[in-house]
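Shown next, in structure tokens, is the structure this report addresses.
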Amino acid sequence: MAIQAPKGTKDMLPKDAYKWQYVEKKLRNIAATYGCREIRTPIFEHTELFIRGVGETTDVVQKEMYTFEDKGGRSITLKPEGTAPAVRAFVENSIYSDAQPTKLFYVTPVFRYEKMQKGRFRQHHQFGVEVFGASEASVDAELISLAMRAFREFGVKGLTLNINSIGCPHCRQKYNDALKQYLASNHDELCDTCKTRFDKNPLRILDCKVEHCKEIAAGAPVIIDYICDECKAHFEDLKKYLTAMGIEYKIDPFIVRGLDYYTKTVFEIINNNLTVCGGGRYDNLIEGIGGPSTPAVGFGMGLERLLATLEDEGIEIPKESYIDLFVASMDANSKVEAIKLVNSLRERGIKCDCDHLGKSLKAQMKYANKIEARFSLVLGESELNERKARLKRMSDGEQTDIDIDAFDTIADIVRE
């Protein structure tokens, strides 16, 4: 029996590569217009980073991480999200000493052992943006606008932006006390995981996916009623900036996000009842993993989920030609000339190919059609003797007489 890919993973096949390339290129370009620069971090980190950063009471740390011991006896984890590694790199490389704020983006694989969902696999890919060193709500609004713009440029409609504030650690304690008081009467009905969260981090109970826990949490007090004046002012500023940018939003008081590092702003972008992007502010994370006190905000967007959304919306991704020109040959001598021509055109940036299987001319032309070559050219004894050939445009059959030694001219025609 042939070996198959592990459950929860998926091959990106050559026939789909153009979709990924298109999406990633557009996202990179959008991030650049906001002054963001790319960062790449390892796919595995010390497990402690995620326990301290993501939070030991989160589903990610408790249930979903791929953790193993390496040959040196160190606990290593495949990264389940992109923020903590970016923060670790920011601290380790003293980027906080540079001019601030620091605006970063990344496209990275992430790994979570979880029940597979639409557009979400155990290895999936995330586009993320992080901004370090800016505390004002204007940067929160800016990142939300970046995410919304990305969906808009892809042509996605029917988006809902939900925002909330979960306050700072100081005002959250007051809310935690009120939440525990509410949950106490239902404590025995909570799932085992939520029972352990009750004392350590009751806010996590609001993020539980167990249906009965969700029903209990539905009647809980809302955190926005308990935030301090500073957090209220920050949230009011966020709403003011979003309105100034013409971005519509709804306040969802039950958004808490699934990671412990969030403070103040949290947000989700919804399409057809599916969260396609989420993020928020995390002002204590950098200090929490050993760096200087530095405010921060960011978001993550799953690329598989984005591609699934585009497909659901009937949005077609432009498909570039795989091959611009296929050069067919009729005998051994013309094959040598075909190799020479193809090599010269490749140096001029033309995507081209020729036969390497000794196929008949008919089979070669059939192959050129299958790979959707934009142009074809046949070389035989007469073409070599006259140094002339006919360049055929495959879409309509139009032919152009060319000099087979005029590489620049051929390249110019094919580029048009």
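The values are calculated or read from the model by the stated rules, or taken from the named source; none is laboratory data. Fair warning: this is a prediction, and the values are worked out from it, not measured in the lab. Heads up, the Cβs are rebuilt from the backbone with ideal geometry, glycines too, and the neighbour counts pull from every protein chain shown.
Residue-by-condition table, conditions (1) surrounded by 18 or more Cβ atoms within 10 Å (Cβ to Cβ); (2) touching a Leu at 6+ places or on another chain (Cβ under 7 Å); (3) within 28 Å of E248 (Cα to Cα):
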| position | (1), (2), (3) |
| --- | --- |
| K79 | yes, no, no |
| T83 | yes, no, yes |
| P101 | yes, no, yes |
| M148 | yes, yes, yes |
| G155 | no, no, yes |
| N162 | yes, no, yes |
**Prompt:** Restricting attention to segment 299-313, does a residue exist that is loosely packed, with under 15 Cβ neighbours inside 10 Å and over 38 Å from the mean Cα position of the chain (by Cα)?
**Reply:** no
**Request:** Within segment 51-64, work out how many residues are part of a helix (DSSP H, G or I) and more than 15 Å from V91 (Cα to Cα).
**Result:** 9
**Prompt:** Taking segment 65-88, which residues are over 16 Å from N284 (Cα atoms) and either in a helix (DSSP H, G or I) or aliphatic (A, V, I, L, M) (or both)?
**Reply:** M65, I76, L78
**Asked** Do you know which of the residues in segment 200-224 that are without any contact (Cβ under 8 Å) to a residue 12 or more places away in the chain and of a type in the set (D, E) is surrounded by the fewest Cβ atoms within 10 Å (Cβ to Cβ)?
**Response** E211
**Complete:** Looking across segment 40-50 at residues that are surrounded by fewer than 19 Cβ atoms within 10 Å (Cβ to Cβ) and hydrophobic (A, V, I, L, M, F, W, C), the single one that is farthest from D70 (Cα to Cα) is L49
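Here's the yes/no breakdown for (1) closer than 30 Å to T294 by Cα; (2) under 14 Å from the mean Cα position of the chain (by Cα):
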{"site": "M116", "(1), (2)": "no, no"}
{"site": "R120", "(1), (2)": "no, yes"}
{"site": "F127", "(1), (2)": "yes, yes"}
{"site": "E130", "(1), (2)": "yes, yes"}
{"site": "A134", "(1), (2)": "yes, no"}
{"site": "A137", "(1), (2)": "yes, no"}
{"site": "L143", "(1), (2)": "yes, no"}
{"site": "A150", "(1), (2)": "yes, yes"}
{"site": "G158", "(1), (2)": "no, no"}
**Complete:** D140 vs (1) crowded, with 22+ Cβ neighbours inside 10 Å; (2) assigned by TED's automatic domain parsing to the domain that holds P292; (3) over 30 Å from E311 (Cα atoms): all pass except (3)
**Item:** segment 9-47, residues that are touching a residue at least 60 places away in the same chain (Cβ under 8 Å) and either aliphatic (A, V, I, L, M) or touching a His at 6+ places or on another chain (Cβ under 7 Å) (or both)
**Value:** V23, L27, I30, A31, I39, I43
**Prompt:** What is the number of the single condition among (1) within 23 Å of L206 (Cβ to Cβ); (2) surrounded by fewer than 17 Cβ atoms within 10 Å (Cβ to Cβ) that A233 does not meet?
**Reply:** (1)
